[in-house]
Amino acid sequence: MVREHIHLKIKRQNDPQSQPYWEEFKVPYRPNQNVVSILMEIRKNPVNTKGQKVAPVVWECNCLEEVCGACTMLINGTPRQACSALIDKLPDGVIVLEPLTKFPVVRDLMVDRQFMFENLKKVKAWVETDGCFDLGRPPIMNERERQFAYELSRCMTCGCCLEACPNVNSKSPFMGAQALSQVTLFNMHPIGKMNREERLEAVMGRGGIVDCGNSQNCVRVCPKHIPLEKSLAQLNKETTLHGILGWLKK
Amino acid sequence: MAKQKVIVVGGGLSGLMATIKIVEQGIPVDLISLVPVKRSHSICAQGGINAALDTKGQNDSTWEHFYDTIYGGDFLANQPPVKAMCDAAPGIIHYMARAGVMFNRTPEGHLDLRLFGGVKKRRTAFAGATTGQQLLYACDEQVRRYEAKGLVTKYEGWEFLSAVIDENRICRGIVAQNLTTMEIRVFKGEAVLIATGGAGMIYGKSTNSTINTGSAASSIYQQGVPFANGEFVQIHPTGMIGDDKHRLMSEAARGEGGRIWTYKDGKPWYFLEEWYPAYGNTVPRDIAARAIYKVCVEMGLGIDGKNQVYLDLTHLDSKFLETRLGGILEIYQNFQGDDPKKVPMKIFPAIHYFMGGIHVDWKHRTEIPGLFASGECDYMYHGANRLGANSLLSALYSGTVVGPSIVEYLKNMDKTSLDVKSTVFESQLKLEEEKYRKICQMSGKENPYKLHEEMGDIMRENVGIVRYNKKLKETDEKLQEFMERYKNIGVSDNSQWTNQDIVFIRQLWNMMELARVITLGAYYRNESRGSHYKPEFDKRDDENWLKTTKAYWTEKGPRFEYEEVDISLVKPVPRVYDVDGRQGKKEAK
Ligand SMILES: Cc1cc2nc3c(=O)[nH]c(=O)nc-3n(C[C@H](O)[C@H](O)[C@H](O)COP(=O)(O)OP(=O)(O)OC[C@H]3O[C@@H](n4cnc5c(N)ncnc54)[C@H](O)[C@@H]3O)c2cc1C
Ligand code: SF4
Ligand code: SF4
Ligand code: FES
């Protein structure tokens with residue numbers, strides 16, 4: 001069935017302190033639209049279904065090709081990127097947009113995802129290089145291992161995995177799959193490996209890998225199809241081993 | 001002397017690389033960016049990054065990389081800085097691999113290379129088809145490491161508004177706005193780097209991110225820094241034409257064996273292979289874009305009668321395609337629906353990259369002491385046409401040049417920003433606050449987004465692949481009309497919290513200023529060179545136009561000056577791709 005209109009129902013909020021409210025918009029249907037292009041259409045004429053002129057909806061986007069992670073929101077209840085949510089592939093009827101719930105709302109569909117970037121600091125998600133000068137050829141790397149590492153390196157810090165995770169919430173310090181998986185990645189890198197223990201220790205305490213309940217909701221929503229289950233399993237193995245070794249050394 | 005500090009505006013590849021260089025010298029950096037730097041536009045880059053690593057036994061050399069870049073740029077680039085960039089390229093890739101980039105590897109585990117346009121040897125290192133993302137992440141991680149040590153302070157979600165320039169025309173800091181709280185404040189610093197990327201949004205739809213408005217570059221242009229070679233805008237031959245964006249299908253698709261074709265007399269016609277036998281599908285972008293334009297618009301041979309031709313990968317092995325081009329296949333399938341491994345992709349040229357930009361010297365200093373520029377927002381390395389996979393390189397390389405150049409500048413300074421009279425900062429702050437307040441009060445009938453759309457449409461139509469003086473003149477008049485209509489814009493959002501409307505309106509003016517620089521620059525340059533093509537003047541004219549354009553802002557519109565190009569290393573020769581016309585492939589001894 002072809003839609004006549006694209007009907008959006010959006011959960012809005014003016015600022016972090018105020019109460020959320022719902023507002024609806026209708027835009028004439030055209031083929032090949034996505035949720036971002038509809039939001040862009042609305043700001044050219046920000047009038048709601050009641051005919052009131054309202055402030056345009058606030059949301060984030062940059063790349064429009066599902067690689068920067070900025071435009072993540074709940075679309076019909078599922079965390080995903082608005083730019084790659086094609087209208088023609090969504091079920092008929094009203095399309096419901098809400099901000100992610102695991103992060104503080106800034107305004108409307110925009111949330112503050114600083115939590116994830118802070119966690120990258122906690123787990124030391126970087127290689128301890130000597131400096132950015134030329135030291136000659138980098139260490140060689142097995143192409144097969146590289147392919148797995150590459151899959152992990154495509155994480156765009158979008159937050160879908162945290163949104164879907166039952167163990168990530170305001171009452172728990174659990175960092176979720178995004179930061180944990182980066183530990184697996186850096187521990188595979190030929191130079192990154194050298195600081196393997198520091199990273200393992202960073203995820204062995206509260207908020208780390210022990211808080212993962214292995215429900216694998218994260219894998220199902222990751223838009224980059226990152227094999228988080230494998231990544232977390234590998235990390236689990238490494239931390240357990242590191243724990244035993246540490247205990248033996250005592 | 002009090003502690004010195006540097007302000008880096010922009011956390012794409014160039015800004016981050018410069019930051020690393022500066023903090024490695026122990027000097028702290030305030031890093032300002034519209035978005036979390038990990039989401040900067042560099043993330044979009046797909047195909048790869050050039051360096052004569054020569055891991056394929058082809059006897060490649062940095063000299064040949066240099067020659068190809070100069071030749072591909074139709075001899076408009078200053079040669080010594082390009083030479084230095086190509087010489088430094090292998091070292092940069094080595095560092096990036098050490099810092100964590102998961103570049104594809106050869107069976108022995110070395111850095112793999114693929115073919116790109118306008119060259120004869122494999123010279124492009126790549127990480128699947130998400131090379132920009134991987135490079136940006138590695139730089140982001142290194143910067144985070146210094147952030148954790150307290151050397152970098154990030155201001156993400158802040159917009160640079162203007163530079164603070166004192167009575168001696170020395171830059172002492174910036175004024176910026178917090179895009180959430182809308183607070184406007186001064187950042188003092190001994191040096192300021194602008195590394196704010198390209199400006200695709202001037203054309204409405206392009207392959208660029210929505211944040212690429214060129215607003216920051218335009219702002220310092222309006223403060224007196226010349227904008228160079230604005231008329232040279234790269235149009236990428238293989239875009240997916242969309243309603244909201246023209247998504248890119250990387251040149252890597254052709255580098256790995258993809259073929260461009262359409263139907264002629266009922267049979268597939270591989271027109272690039274027929275017209276350019278020496279390079280075939282991997283001719284440079286300006287050549288391919290014009291060929292596709294000719295086939296569709298002039299000959300009417302587009303697929304299904306529309307402006308589109310096929311980019312075909314279906315003859316290649318699907319496992320091979322997955323590991324080398326996975327990222328872009330995913331984009332095509334997600335946004336178009338078809339699987340490019342099974343069905344040829346439909347593509348048409350799209351606005352992509354700005355060869356022109358802020359005028360700098362070879363150490364990336366602008367004409368205002370203390371104010372520097374690097375990355376896509378400068379004009380230095382690509383002449384009249386950029387070769388594919390050379391801009392990730394120039395973004396990183398210019399960062400490695402400007403970092404030390406800033407450090408050198410700091411060493412020779414006699415006073416710090418703290419010694420500067422406070423009125424210098426206050427008056428610039430007032431100016432920006434006033435501008436902001438005025439926009440808040442705009443209550444006219446025009447919608448800024450619609451006005452922007454109109455501007456983009458006319459820019460794509462008239463200042464794109466084929467340019468006619470009559471149309472260029474009309475476009476400039478139209479732009480001035482838009483600038484009049486701008487005054488009649490109405491703000492739809494009255495909030496003082498995360499107001500994206502007002503921010504866009506301010507950017508829109510800056511886009512209009514630069515649009516005039518591009519359009520008039522094109523109007524005056526009566527020749528055809530690289531991406532700039534005028535059927536009325538269809539030859540390159542070295543006698544009159546082997547010159548860098550420099551546009552200076554005046555109240556009445558841009559004023560143009562021209563500057564000699566440094567051609568001290570290789571002699572300009574005609575640029576052809578039907579045969580191998582390169583005449584300086586071997587270094588002259
Ligand atoms: C789709 C696509 C694919 C590409 N593929 C390739 C490729 O394969 N190989 C290649 O070599 N090149 C490629 N390019 C080109 C290349 O990606 C860019 O030229 C390069 O990444 C630019 O880097 P940059 O650091 O100069 O700017 P950007 O990465 O654009 O960063 C700009 C930074 O400035 C900030 N900023 C901007 N304005 C302001 C402001 N007013 N205030 C505060 N902060 C501001 C932004 O937040 C951002 O952090 C591609 C480009 C596109 C669009
Ligand atoms: S496996 Fe379950 S608990 Fe663990 S990170 Fe994923 S969603 Fe959360
Ligand atoms: S792991 Fe996947 S879902 Fe989680 S932040 Fe990264 S890309 Fe998003
Ligand atoms: S805008 Fe970048 S992921 Fe949607």
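Listed values, structure above:
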{"quantity": "Crossing angle, helix B:79-98 versus chain B [Cα axis fit, 0-90 degrees, rounded to tens]", "calculated": "90"}
{"quantity": "Chain B: angle of helix B:13-23 to the longest principal axis, Cα-based, in degrees nearest 10", "calculated": "50"}
{"quantity": "Antiparallel DSSP beta bridges within chain B, percent to nearest 5", "calculated": "70"}
{"quantity": "Cα centre as origin, Lys/Arg/Asp/Glu Cβ charges: the protein assembly as shown dipole, Debye", "calculated": "1040"}
{"quantity": "Entries in B:Lys534/B:Lys556; A:Lys122/B:Lys149; B:Lys205/B:Lys478; A:Lys193/A:Lys237; B:Lys3/B:Lys188; A:Lys224/B:Lys56 that, when Cα-Cα distance is taken, lie over 23 Å", "calculated": "B:Lys534/B:Lys556; A:Lys224/B:Lys56"}
{"quantity": "Residue-averaged beta-carbon neighbours from other chains (10 angstrom radius) around A:148-156", "calculated": "5"}
{"quantity": "Tally of Lys pairs whose C-alpha atoms are under 20 Å apart, taken over segment A:5-111, 8 or more apart or cross-chain", "calculated": "15"}
{"quantity": "Packing-based order for A:154-166, B:411-423, A:203-215, A:96-108, using average beta carbon neighbours within 10 Å, highest first", "calculated": "A:154-166, A:96-108, A:203-215, B:411-423"}
{"quantity": "Positive-end extreme of charge dipole, segment A:5-111 - chosen from A:Met110, A:Pro16, A:Ala55 (charges on Cβ)", "calculated": "A:Ala55"}
{"quantity": "Tail weight of P(r) past 53 Å, computed on alpha-carbon pairs of the protein assembly as shown, percent", "calculated": "8"}
{"quantity": "Segments B:39-46, A:133-140, B:114-121, A:217-224 sorted - mean Cβ within 10 Å per residue, highest first", "calculated": "B:39-46, B:114-121, A:217-224, A:133-140"}
{"quantity": "Mean Cβ neighbour count within 10 Å, used as a protection proxy, ranking B:494-502, B:266-274, B:5-13 highest first", "calculated": "B:5-13, B:494-502, B:266-274"}
{"quantity": "Partner chain coverage, peptide B:319-325 - average Cβ within 10 angstrom", "calculated": "1"}
{"quantity": "Acute angle (nearest 10 degrees) that the helix B:318-336 long axis makes with the longest principal axis of chain B, alpha-carbon atoms", "calculated": "60"}
{"quantity": "Evaluated at q = 0.17 Å⁻¹: base-10 log I(q)/I(0), Debye formula over Cα of segment B:424-544", "calculated": "-0.86"}
{"quantity": "Dipole magnitude of segment B:424-544, debye to nearest 20 (Cβ charges: Lys/Arg +1, Asp/Glu -1, about Cα centre)", "calculated": "100"}
{"quantity": "Against the rule of thumb 2.2 N^0.38 Å, how large the Cα Rg of segment B:215-304 comes out", "calculated": "1.41"}
{"quantity": "Volume in Å³ per residue [convex hull over Cα atoms, computed for chain B]", "calculated": "151"}
{"quantity": "Shielding by partners - mean other protein chain Cβ count within 10 Å, residues of A:119-132", "calculated": "6"}
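Read-outs: derived from the displayed coordinates by stated rules, not from any lab. These figures come from a predicted structure and were not determined experimentally. Neighbour counts are summed over all protein chains in view; Cβ atoms, including those assigned to glycine, are modelled from backbone coordinates with ideal geometry.
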